[in-house]
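The values are calculated or read from the model by the stated rules, or taken from the named source; none is laboratory data. Quantities reported herein were computed from a predicted structural model and do not represent experimental measurements. Note that each Cβ is placed from the backbone with ideal geometry, even for glycine, and that neighbours are counted across all protein chains shown. Calculation scope for accessible area: heavy atoms of the full protein, side chains included, ligands and nucleic acids excluded. Shrake-Rupley method; radii C 1.70, N 1.55, O 1.52, S 1.80 Å.
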Amino acid sequence: MQESGLKPILWKEGTLTLLDQRVLPGVTSFLIAKTMEDCIFAIREMVVRGAPAIAITGAFGIALYLKGLTAKPSLSELKKKLDELLESRPTAVNLRLAIEGFLARFPETEYNTFRLEDLQRGAEKFALFMLEEDLNNNLALSKNALSLFPKNPSSLNIITHCNTGALATAGHGTALGVIRSLRDAGHSLTVYADETRPYLQGARLTAWELKEEGIPAYLITDNMAGWIMSSRKIDAVIVGADRIASNGDTANKIGTYPLAIVAKHHGVPFYVAATEKSMDFRIQDGSQIPIEMRKEEEVTAFGFLRDENGKPFLSEGIIAPKGMPALNPSFDVTPASLITGIITERGIISPVTKSNLEKVFAA
Ligand code: MRU
């Protein structure tokens, strides 16, 4: 299976280079992150986005923080920094799991025995491990997804939402990784990529990845999916996840929930592609998932994207009366009952129930 060449996160000799996803596809520019604060900025401002990529950037943020110290931080100092990092974006659970994964390497009861160099080396090793693990998990889940589709090369039409590709992960991608792998398996694909209002990850990023890969695709506005499902053969909707509760309720980019309802109405299988790092067994259901609320400006104007000097990247593009209040929840929750299956690196979970999730992910 091929690995995509797109690298949103690059760590070389202690330097973190992030592809600036705010200005794609028009401009290819990079942000060099030198401190944890740089990483927090990059996550909050969406230089890097997508749940797995956010978590990996956070892990490198920890490595950069420790690298910048000359004396070992007390455990409470370290935890305070990690809390600041955790606050950068609230919905995806991956970042929290990354922070906990790092802390687990330095148990509280033994913290005194570790030297600064141990923490520094451990943090870098952990972040590099996360990069590799995410790529391997994406490749594994994409391979597992092949069993859901005909064995022989077929003509497949797939709808996807937001960006879940190489740009959102360590490489290959989750939902878009499945699409890549279906193409690599010889299927003849037509992908319908939702533009994903208001931040336009589908138009700016997924469309870009699909073009780069030469995968036949149409860009559609989010409200076209119903018409497409009622007038064309659609084999599946495949999306990613930011957090999956114990019962399978799944938070993903705003617009995923209505897409799932339309898919159910038309009898189109609706799949979530995600790794174990999206699972939150601490919460019972989707009502406990915090939903990030973003700036109104992202809804009232098309010109919300800024360049590195804070200048609008596009024209101002105001599309609403001045002073018009807008709501901008960045994610919604799709109930498990609307999800045909969750495609994971450990296999396919279907039907999506608490016990099936526990069976697959029980350590
Ligand atoms: O706000 P974003 O761009 O970080 O939202 C991204 C998504 O919702 C993705 O679908 C999700 O993180 C999965 S990426 C493999």
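Table for the structure above
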item	result
Subset of the range 87-124 [touching a Phe, Trp or Tyr at 6+ places or on another chain (Cβ under 7 Å) and in a helix (DSSP H, G or I)]	Gly101, Phe102, Leu119, Gly122, Ala123
Qualifying positions in the range 124-143 - of a type outside the set (A, V, I, L, M, F, W, C), buried (at least 18 other Cβ atoms within 10 Å of the Cβ) and within 19 Å of Phe270 (Cα to Cα)	Asn138, Ser142
Matching residues, the range 97-120, being surrounded by 14 or more Cβ atoms within 10 Å (Cβ to Cβ) and polar (S, T, N, Q)	Gln120
The lone exception for Gly58 - which of (1) away from the ligand (no atom under 16 Å from the Cβ); (2) surrounded by 14 or more Cβ atoms within 10 Å (Cβ to Cβ) it fails	(1)
Inter-residue pairs, beta-carbon under 6 Å, first over 26 Å from Ile54 (Cβ atoms) and in the range 170-194, second assigned to a helix (DSSP H, G or I) and open to solvent by 10 Å² or more (accessible area, probe 1.4 Å), 6+ apart	Ala185/Leu146; Leu189/Arg183
Candidate set from the range 202-215 (those that are in contact (Cβ under 8 Å) with a residue 60 or more places away in the chain and either in contact with a strand residue (DSSP E or B) (Cβ under 7 Å, 6 or more places away or on another chain) or open to solvent by less than 10 Å² (accessible area, probe 1.4 Å) (or both)); member that is nearest to the ligand (Cβ to nearest atom)	Leu205
Test: residue in the range 10-25 that is on the phi > 0 side of the Ramachandran plot, modelled with pLDDT under 95 and not acidic (Asp, Glu)	yes
Residue match in the range 245-252 (condition: small (Gly, Ala, Ser), part of a helix (DSSP H, G or I), within 16 Å of the ligand (Cβ to nearest atom) and buried (at least 17 other Cβ atoms within 10 Å of the Cβ))	no
Some residue of the range 64-86 being within 13 Å of the ligand (Cβ to nearest atom), within 21 Å of Leu31 (Cα to Cα), open to solvent by less than 60 Å² (accessible area, probe 1.4 Å) and of a type outside the set (A, V, I, L, M)	no
Enumeration of residues in the range 153-193 that are part of a loop (DSSP other than H, G, I, E, B) and away from the ligand (no atom under 12 Å from the Cβ)	Pro153, Ser154, Ala185, Gly186, His187
Only listed residue being crowded, with 22+ Cβ neighbours inside 10 Å and in the same structural domain as Cys162 (by the TED database), chosen from Tyr199, Tyr257	Tyr199
Residue check, Asn157 in the same structural domain as Asn223 (by the TED database) and either open to solvent by less than 20 Å² (accessible area, probe 1.4 Å) or out of contact with any strand residue (DSSP E or B) (no Cβ under 6 Å at 6 or more places or on another chain) (or both)	no
Subset of the range 216-233 (residues that are farther than 12 Å from Glu195 by Cβ and open to solvent by less than 20 Å² (accessible area, probe 1.4 Å))	Ile228, Met229
Which listed residue, of Ala273, Ala203, Ala217, Ala193, is closer than 15 Å to Leu338 by Cα and not β-branched (Val, Ile, Thr)	Ala273
Test result for Asp194, touching a His at 6+ places or on another chain (Cβ under 9 Å), closer than 23 Å to Glu296 by Cα, assigned by the TED database to the domain that holds Ile319 and open to solvent by 20 Å² or more (accessible area, probe 1.4 Å)	no
Matching residues in the range 325-337 - criterion: being open to solvent by less than 30 Å² (accessible area, probe 1.4 Å) and more than 12 Å from the ligand (Cβ to nearest atom)	Ala326, Ala336
Asp285 being surrounded by 23 or more Cβ atoms within 10 Å (Cβ to Cβ) and either basic (Lys, Arg) or more than 14 Å from the ligand (Cβ to nearest atom) (or both)	no
Those residues of the range 293-303 which are open to solvent by 20 Å² or more (accessible area, probe 1.4 Å) and within 13 Å of the ligand (Cβ to nearest atom), in sequence order	Met293, Arg294, Lys295
Flag if Val268 is in contact with a helix residue (DSSP H, G or I) (Cβ under 7 Å, 6 or more places away or on another chain), aliphatic (A, V, I, L, M), closer than 21 Å to Gly202 by Cα and open to solvent by less than 40 Å² (accessible area, probe 1.4 Å)	yes
